Amino acid sequence: MYDKPTVRSAHPVSDAMRATVLDVLARLEREHDVHVLFACESGSRGWGFASPDSDYDVRFAYVHRLPWYLAVEPGRDVIEEPISGELDVGGWELRKALQLLRDSNPTLLEWLRSPIVYRQDDAWVARLRALAEHNFSPVRGYHHYVATARKNLREHLAGETVRYKKYLYVLRPLLAARWIRERGGVPPMVFADLVAATSLDAGLVAEIDALLEVKMRSGEAAHGPRRAGIHDFVERELAVAEAHALAKQPKAPTQPLDDFLHDAVRHFDARHERQE
């Protein structure tokens, strides 16, 4: 059993960057007349294997004022900031987020399990996380992770020279698929937690640790020769994953999602009214 990479969390979010992110979120709330319910770090920093030059991928869910939900024509349901330097900021409107949660969207599920949270309304996000667990479809999640691993293996690991981070973009979804296959629940977001829960050969463990060490101390573009042990593992693991079929399960009822949307919109609209 693998403990955890010794280089985990080598590049946490600085106080200065966290303050910058909070300023951006506050500005977006004012500009769009919304309330940010939850904001986190996605991508390599959330997965736990950022490089020194990795971007900050800030993702959030937000609630509009009540009149926005009563219009005949639906409004734009995303907020996206132009990428500025190392900061990439984008968010989904709550109804869109709940629709994606209903469909077990793995990206949203990972946001809710991110180890780096910039801000959140605790009680509301706890309720949202509970809904995510209740609505999780192992079949949908499994197919997503297997397809992601297959695509990244085919597109990025075919040559004799490989970008280090691309191995992780195959390993992580394969281990997430194994988590679902063996445990049935939502996989953790952090790569080290996935590896720690998986029985792996000691030689492979050492090779993964060495890969992480190099990746997290080098730039995003760092590359090198193919790593035979890891490559053989991902090919074998993908074959096992593709051969496995999960039993379908009934979809969870959508009424709790509707209730959450109604409650959140009324609550934050009323709070905004009191503050004006």
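Here are some notes:
- Residue within region 101-112 that is crowded, with 18+ Cβ neighbours inside 10 Å, under 21 Å from W47 (Cα atoms) and of a type in the set (D, E, K, R) present: yes
- Residue count, region 140-159 (criterion: surrounded by 15 or more Cβ atoms within 10 Å (Cβ to Cβ) and assigned to a helix (DSSP H, G or I)): 13
- Flag for D88 being more than 25 Å from E133 (Cβ to Cβ) and surrounded by fewer than 18 Cβ atoms within 10 Å (Cβ to Cβ): yes
- Across region 160-179, the number of residues qualifying as in a strand (DSSP E or B) and either surrounded by fewer than 16 Cβ atoms within 10 Å (Cβ to Cβ) or among the small types (G, A, S) (or both) comes to 1.
- Annotation note: Cβ proximity below 6 Å between a residue of region 127-138 that is part of a loop (DSSP other than H, G, I, E, B) and a residue that is surrounded by fewer than 16 Cβ atoms within 10 Å (Cβ to Cβ) and basic (K, R) (sequence gap 6+ or interchain) occurs for no pair.
- Qualifying residue in region 105-126 (condition: at pLDDT 95 or above, farther than 29 Å from V265 by Cα and among the aliphatic types (A, V, I, L, M)): no
- Residue match in region 235-243 (condition: at pLDDT below 90 and either within 30 Å of H64 (Cβ to Cβ) or under 25 Å from the mean Cα position of the chain (by Cα) (or both)): no
- Flag for V234 being β-branched (V, I, T), surrounded by 13 or more Cβ atoms within 10 Å (Cβ to Cβ) and closer than 30 Å to H35 by Cβ: no
- Region 194-227, subset in a helix (DSSP H, G or I) and free of Cβ contacts under 8 Å to residues at least 24 places away in the same chain, residue farthest from E242 (Cα to Cα): A210
- Test: residue in region 21-32 that is closer than 19 Å to G219 by Cβ, modelled with pLDDT of 95 or more and among the acidic types (D, E): no
- Check on L87, over 24 Å from A26 (Cα atoms) and either aliphatic (A, V, I, L, M) or not assigned by TED's automatic domain parsing to the domain that holds A221 (or both): no
- In region 63-85, the residues that are within 23 Å of W124 (Cβ to Cβ) form Cβ pairs under 7 Å with partners that are among the β-branched types (V, I, T) and surrounded by 14 or more Cβ atoms within 10 Å (Cβ to Cβ), at six or more places apart or across chains, as follows: V63/V34; V63/V265; H64/V34; L66/V265; Y69/V265.
The values are calculated or read from the model by the stated rules, or taken from the named source; none is laboratory data. The structure displayed is predicted, hence computed values, not measured ones. Every residue, glycine among them, receives a Cβ derived from its backbone with ideal geometry; neighbour counts consider all protein chains shown.
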